[in-house]
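The structure under discussion appears below in the form of structure tokens.
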Amino acid sequence: MVGWGVVGQSFAQIIAQRKKELAKKYGFRPRIVAIVDKKGAAINPKGLDIEEMLTLKKDKGTVAASSKYGCPDMTALEAIESVEAEAIVEVTPTNIETAEPGLSYIKTAFKTGKHVVTTNKGPLALALPALTELADYNNVCLRFSGTVGAGTPILEFAKNCLKGDKIVSVRGILNGTTNYILTEMDEKHITFDKALKAAQNLGYAEAEPSMDVEGHDAAAKLVIMANWIMNKKVTIENVKIRGIRDVSAQDIADASEKGCTIKLIGSIEESLKVEPTQISKHDPLAVDGALNAVTFVSQSAGEQTIIGLGAGGVETASAVLRDLLDIKQTIANSMIK
């Protein structure tokens, strides 16, 4: 595991708590053989004790403090290259400008024959077509369902539930922070600045909120969906992006008078764009608070909308588990062939 923050720890707790169920239902008995955080690593080929690792992080600030298995100052790249493992769970923070260091972690994992599950949008927004090719070349899997919708299975819904159909367009709210801000502006008749402050106080928005409010987070997710679901070879440079900073209380009021609301909508049609859009309050996408909602328009089934929470440590960790189970099934299927 590369990254031992909220998502990484939540994932470890899930597999520890559901150990018997996962073994019985899926034949899945994962061992975490290495964990890397900012100050080093802990490595045990027989499997690390999850409770011990959680305690070390809380009390000592790093898993590298383990007297028996700690490797202070070991870098993630060194761990990826040297540790024998089947898969890497990469849950480091998103860097939308260079995609580093996550991009290098993923590439190194592929080159050493390891499958990758990531929740990091940066590498996928900037280089998903190239990463997909590299994974195929090295005969490994790349999975990333937690990057879009956290625990809400948006990517799986489109890929599996609409299998056989042709998805012709996508529209959706892909960022819970901006949706919360716009909902507050609409319901409480307050300014953007006041709504942003409320979002920050609740932990929905970062102290530096540009990634969300400027639309870059939603754009990154849109790129992932365009590549994975619709086979478009695009990066974030192909997305027209406009955030919500300029949406005024008057804009919200004017929309409300017409029975509409304003949402930050990402869309995939002939082109990709993210922008504040006026939609009917009866539109399935007119969800409140920090919810995400995505409408898929397919050739045969018509419009299908999926709604759910788009953030959260446990929710995102559940997507990591789904991805690992999917990789396990993929490997099993290839062995049968």
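The values are calculated or read from the model by the stated rules, or taken from the named source; none is laboratory data. As the structure is a computational prediction, the values presented were derived from the model and not from experiment. Cβ: placed from backbone, ideal geometry, glycine included. Neighbour counts: every protein chain shown. Note: accessible area is taken over every heavy atom of the protein model, side chains too, but ligands, DNA and RNA are not part of it. Shrake-Rupley method; radii C 1.70, N 1.55, O 1.52, S 1.80 Å.
Students often get this wrong, so check it: of Lys166/Lys263; Lys19/Lys46; Lys46/Lys111; Lys38/Lys58; Lys166/Lys232, which have C-alpha atoms separated by over 18 Å?
On the way: Lys166/Lys263 26 Å; Lys19/Lys46 16 Å; Lys46/Lys111 23 Å; Lys38/Lys58 14 Å; Lys166/Lys232 13 Å.
The answer is Lys166/Lys263; Lys46/Lys111.
Sort Trp228, Trp4 by accessible area with a 1.4 Å probe, largest first.
On the way: Trp228 65, Trp4 10 Å².
Ranking Trp228, Trp4 by accessible area, largest first, yields Trp228, Trp4.
Suppose R0 equals 41 Å. What FRET efficiency, 1/(1 + (r/R0)^6) with r the Cβ-Cβ distance, do Ile331 and Lys197 give to the nearest 0.05?
Working: r = 48 Å, r/R0 = 1.17.
Here the calculated transfer efficiency is 0.30.
Using Cα pairs under 8 angstrom and six or more residues apart, how large is the relative contact order of the chain, in percent? Intermediate results must be reported in sequence, preceding the final value.
Numbers: 644 pairs, mean separation 62.8, N = 337.
Reported as a whole number, the value is 19 percent.
What is the dipole size for region 141-284, taken about its Cα centre, with +1 at each Lys and Arg Cβ and -1 at each Asp and Glu Cβ, in debye to the nearest 20?
Values: 18 positive and 20 negative charges, 122 e Å.
Roughly 580 debye for region 141-284.
Who wins for biggest fluctuation among Lys159, Lys19, Lys263 in a Gaussian network model of the chain, springs between alpha carbons below 10 Å?
Of Lys159, Lys19, Lys263, the most mobile in the Gaussian network model is Lys19.
Run down the aspartates and glutamates and flag those whose C-alpha is under 15 Å from the C-alpha of Lys25, throwing out any fewer than 8 positions away in its chain.
The qualifying aspartates and glutamates are Asp326.
Go ahead and collect, in residue order, the members of region 280-304 whose backbone nitrogen is under 16 Å from a label point 7 Å along the Cα-Cβ direction of Asp251.
280
Quick one, can you get me the convex hull of the C-alpha atoms of region 1-147 expressed as volume per residue in Å³?
Working: hull volume 15.8 nm³, N = 147.
Roughly 108 Å³ of hull volume per residue.
Output the relative contact order of region 256-337, whole-number percent, from Cα pairs under 8 angstrom with separation of 6+ residues. Before the final figure, lay out the partial values.
On the way: 71 pairs, mean separation 13.3, N = 82.
Taking the mean separation of contacting Cα pairs over the length of region 256-337, I get 16 percent.
Of (1) 16.5; (2) 17.9; (3) 22.2, which one was derived for mean projected area of the Cα convex hull in nm² from the structure shown?
Correct label, based on the coordinates given: (2).
Taking 0.36 nm per residue of separation and subtracting the Cα-Cα distance, what length does fully extending Ile96 through Glu237 add? Mind dumping the intermediate values first?
Details: separation 141, 0.36 × 141 = 50.76 nm, distance 1.11 nm.
That works out to 49.7 nm of additional length.
In terms of solvent-accessible area of protein heavy atoms at a 1.4 angstrom probe, what is the ranking of His216, His189, His115, His282, highest value first?
Details: His216 70, His189 150, His115 25, His282 170 Å².
So the residues, ranked largest to smallest area, are His282, His189, His216, His115.
Run the numbers for Lys25 and Thr305: contour at 0.36 nm per residue of separation, minus the present Cα-Cα distance, in nm.
Working: separation 280, 0.36 × 280 = 100.80 nm, distance 2.95 nm.
Net length gain for the segment: 97.9 nm.
Taking every DSSP beta bridge with both residues inside the chain, roughly what % is antiparallel (nearest 5)? Mind showing how you got there, number by number?
Working: 33 of 44 bridges.
Counting DSSP beta bridges with both partners in the chain, the antiparallel share is about 75 percent.
I need the per residue convex hull volume for region 182-318, using only the alpha carbons, in cubic angstrom as a whole number. Walk me through the intermediate numbers first.
On the way: hull volume 17.7 nm³, N = 137.
Spelled out: Cα convex hull of region 182-318, divided by residues, is 129 Å³.
What percent do you get for the relative contact order of region 75-198 when only Cα pairs under 8 Å and 6+ apart count? Please list the in-between numbers first.
Details: 130 pairs, mean separation 22.3, N = 124.
Here the relative contact order equals 18 percent.
Cα centroid distance between region 249-302 and region 73-143, in Å?
33 Å
Given Val294, Gln200, Ala249, which one lies farthest toward the positive end of the charge dipole of region 173-302, if we put +1 on the Cβ of every Lys and Arg and -1 on the Cβ of every Asp and Glu?
Val294
Looking only at Ala195, Ala207, Ala85, which one moves most when the chain is put into a Gaussian network model with springs between Cα atoms under 10 Å?
Ala207
Given springs between every Cα pair under 10 Å in a Gaussian network model of the chain, which of Ala158, Ala16, Ala290 has the largest fluctuation?
Ala16
Rank Ile224, Leu48, Ala76 by how far each Cα sits towards the positive end of the charge dipole of the chain (+1 on Lys, Arg Cβ; -1 on Asp, Glu Cβ) and give me just the farthest.
Leu48
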